[in-house]
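The values are calculated or read from the model by the stated rules, or taken from the named source; none is laboratory data. Just so it is clear, the model here is predicted, and its values are computed rather than measured. Virtual Cβ from ideal backbone geometry, glycine too; neighbours counted across all protein chains shown.
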Amino acid sequence: QMPDEAIAHFAEVTVKEVENFKKKLAFHPDFKMVDTCAAEFEAHTPYYYSTYGAEDEVKPQGKGSVVVFGSGPIRIGQGIEFDYCSVHASWALKKAGKKSIVINNNPETVSTDFDTSDSLYFEPLTEQDVMEVIEKEKPEGVICQFGGQTAINLATPMAKRGVRIIGSSNESIDMAEDRERFDTLCGQLGIPRPKGCLVESVEEAMQKTAELEYPLIVRPSYVLGGRAMQIVYDQAELRQYLKEAVVASHEHPVLIDQYMVGREVEIDAISDGVDVCIPGIMEQIERSGVHSGDSIAVYPPQHLSPEVIDTLTKYTKDIACAMNVKGLVNIQFIVVGGKVYVIEVNPRASRTVPFMSKITGINMVEYATRVALGEPLHTLGLPLGLVPPKNYVAIKAPVFSFSKLGLVEIKLGPEMKSTGEVMGIGHTYQEALYKAVVAANLMVPAGANVLITVSDRDKPETAELAKGFVDLGYHLICTSGTGSYFQSLGIPVEIIKKIHEKGENCEKYLKSGKVDMVLNTISYGSQIEQEGYDLRRIAVELAIPCITSLDTAKEVLRVMASTGGAEHHVEAIQDYVKE
């Protein structure tokens, strides 16, 4: 309890040595500086890392500083999109006269460039580590909504420690993440949701799902990228999921929803808790059940009625204002038979924010940062409500790295698997789709060989696709079940053997270069599933385009059909926005 000077006097050491010793006892780190100017002259843009038992080199930013949480190491489901958001938030803070402090520990992103923020801490995004920085810098507050799920998960521990959350409060965030609270909110607003429940044990799951119809979609709460999300078709699969994939508990409840087949729609909006600006609406080509990050998204929507669009706009404003969102909000809907249901709400930036910002010319992160700092939305010069769509079409298509990720199952489902995306933009839907499909490497030359093998439930729908391929001059190769069905409808096909059968089978055809594209949907049963997996893996490793979604196949066929004589203009996105 003695003053440092007194301890130093009696111990015959310096005051600095006393301070360092106290830090060691309290297990507080010191922060060392990485000199970005190599000692040639004073570094005005250094970054810091923590260590123990060393002299502290931090120069706190002091009054008027704000901390931005990054998204941490890039992984599937959370990547460069959130780095984009962190960078633009840092720049927006500087424009607003604030000093930006970024905490992120990813060496491969722009947010960790030395000149992006006023201070950079290369620290893990854990409660203990970020609190050490906050105690050192003493900022006005922290922004959690631009670093994906990693950053938003820090909102609750920060609020409990008395740190000011700038933008959407911890209360707003919890209202979206807590299933029971969100269901209650939707009930109060009169917004329909798919039937579902929240469970904390296997026994509770069996009891509550007795009233639901299979298939069900199950996922853990507080995750990003659909991690560990799965569609189950009976009680046995549900029980197996809850025992092997995810262990339900009070701290980590599992969400279970009735799986609905419909058209998924995604909206990113800016809200100040009173007004809402919706730069645009995206509809997904793949039907529900495929993660939004793996779906082809279209702006503006091509298949939604004006009534549905009005409902989507109203629901977005109602939800954002009821949750008192201040900044960005992402809402995912499903449209079934003209009726709109809300699937989930994320009071943070989503991976589609950079896409929407670029194609609409509205820098969503900058405006959201200004709103988070306290500026009303109506003073920012943005239109309120839904912004009228542009006179061009933009399409976001996923890109995968399956050839570099050995043993990974490539079939698309509720868990995100794409590692990037491309954008096609054109004056028509066909032109934008053509550019996106070409960039995603899904195009095959005219007259190519297409191998089709699909499940029994998909054969009638696939038959229409097969006719389209034949009409365009493509040669179809099928396994016995699919081929026999097509032949019964008068569709000409070449039938070959399955992988496990001897002779001219699928594997030999693929490896001999006789196949240019594979269309395969999932059948259930251990032998059939293994065959499908082997077929898809061989195709991927041979760099043969492999499609597992009939919706994607339909759009690829549409592109192939529209390429004859079509002119496609190459133009910079900035020129489209200017037009």
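Quick one: would you say ILE281 is out of contact with any Ser or Thr (no Cβ under 6 Å at 6 or more places or on another chain) and of a type in the set (A, V, I, L, M, F, W, C)? Answer is yes for this residue.
Can you find, within the stretch 164-175, the residue that is modelled with the lowest pLDDT among those that are out of contact with any helix residue (DSSP H, G or I) (no Cβ under 6 Å at 6 or more places or on another chain) and buried (at least 16 other Cβ atoms within 10 Å of the Cβ)? Don't jump to the end; show me each part of the working.
Step one: list which residues in the stretch 164-175 are out of contact with any helix residue (DSSP H, G or I) (no Cβ under 6 Å at 6 or more places or on another chain), which gives 164, 168-169, 171-172, 174.
Keeping just the survivors that are buried (at least 16 other Cβ atoms within 10 Å of the Cβ) gives 168-169, 172, 174.
Working: SER168: 90, SER169: 89, SER172: 89, ASP174: 86.
Only one residue fits best here, namely ASP174.
Within the option set THR379, THR369, being without any contact (Cβ under 8 Å) to a residue 12 or more places away in the chain and either aliphatic (A, V, I, L, M) or under 14 Å from ASP272 (Cα atoms) (or both) holds for one residue only, THR379. Here GLN128 clears all of (1) farther than 22 Å from ARG75 by Cβ; (2) exposed (fewer than 15 other Cβ atoms within 10 Å of the Cβ); (3) assigned by TED's automatic domain parsing to the domain that holds ALA96 except the condition numbered (1).
Do we find that LYS554 is free of Cβ contacts under 8 Å to residues at least 60 places away in the same chain and either farther than 21 Å from GLY406 by Cβ or surrounded by 16 or more Cβ atoms within 10 Å (Cβ to Cβ) (or both) in this structure? Judged against the criteria, LYS554 is not a match.
Mind telling me which of the residues SER65, SER86 ends up being of a type in the set (Ser, Thr, Tyr) and surrounded by fewer than 22 Cβ atoms within 10 Å (Cβ to Cβ)?
Values: SER86 fails: surrounded by fewer than 22 Cβ atoms within 10 Å (Cβ to Cβ).
Every option except SER65 fails the conditions.
Within the stretch 170-216, being over 14 Å from LEU255 (Cβ atoms), of a type outside the set (Ser, Thr, Tyr) and free of Cβ contacts under 8 Å to residues at least 24 places away in the same chain holds for ASN170, ASP174, GLY187, GLY190, GLU203, GLN207, ALA210, GLU211. Looking across GLN284, GLN302, one residue alone is of a type in the set (S, T, N, Q) and surrounded by fewer than 22 Cβ atoms within 10 Å (Cβ to Cβ). It is GLN302.
Name the residue that is modelled with the lowest pLDDT, counting only residues in the stretch 514-530 that are outside any loop (DSSP other than H, G, I, E, B) and either closer than 28 Å to VAL470 by Cα or of a type outside the set (Gly, Ala, Ser) (or both). If you could, list the steps in order and put the result at the bottom.
First, the residues of the stretch 514-530 that are outside any loop (DSSP other than H, G, I, E, B): 517-520, 526-530.
With either closer than 28 Å to VAL470 by Cα or of a type outside the set (Gly, Ala, Ser) (or both) added as a condition, the list becomes 517-520, 527-530.
Working: MET517: 93, VAL518: 93, LEU519: 92, ASN520: 91, GLN527: 50, ILE528: 53, GLU529: 63, GLN530: 74.
The qualifying residue modelled with the lowest pLDDT is GLN527.
Of the residues in the stretch 462-470, not one is without any contact (Cβ under 8 Å) to a residue 24 or more places away in the chain, under 20 Å from LYS411 (Cβ atoms), surrounded by fewer than 21 Cβ atoms within 10 Å (Cβ to Cβ) and not β-branched (Val, Ile, Thr). Among the residues examined, VAL342 qualifies as of a type in the set (A, V, I, L, M), under 21 Å from the mean Cα position of the chain (by Cα), at pLDDT 90 or above and not assigned by TED's automatic domain parsing to the domain that holds VAL518. Across the stretch 259-279, which residue is surrounded by the fewest Cβ atoms within 10 Å (Cβ to Cβ) among those that are touching a strand residue (DSSP E or B) at 6+ places or on another chain (Cβ under 7 Å) and part of a loop (DSSP other than H, G, I, E, B)? By that ranking, first place goes to VAL261. The numbered conditions (1) among the hydroxyl-bearing types (Ser, Thr, Tyr); (2) modelled with pLDDT of 90 or more; (3) over 30 Å from GLY426 (Cα atoms) are all true for TYR474 except (3).
Could you pull out the residue among VAL437, VAL450, VAL393 that is touching a residue at least 40 places away in the same chain (Cβ under 8 Å), buried (at least 18 other Cβ atoms within 10 Å of the Cβ) and more than 30 Å from GLY280 (Cα to Cα)?
None of the other options fit; the residue is VAL450.
Residues in the stretch 490-511 that are of a type in the set (Lys, Arg) and outside any helix (DSSP H, G or I): LYS497, LYS498, LYS502. For first residues located in the stretch 64-85 and at negative phi, partners that are of a type in the set (Lys, Arg) and lie 6+ apart or on another chain with Cβ distances below 6 Å form the pairs SER65/LYS99; VAL66/LYS98; GLU81/ARG351.
Can you confirm whether GLY361 is in contact (Cβ under 8 Å) with a residue 40 or more places away in the chain, surrounded by fewer than 24 Cβ atoms within 10 Å (Cβ to Cβ) and out of contact with any Lys or Arg (no Cβ under 8 Å at 6 or more places or on another chain)? Answer is yes for this residue. Scanning the stretch 232-270 for residues that are modelled with pLDDT under 85 and aromatic (Phe, Trp, Tyr) turns up TYR233, TYR241.
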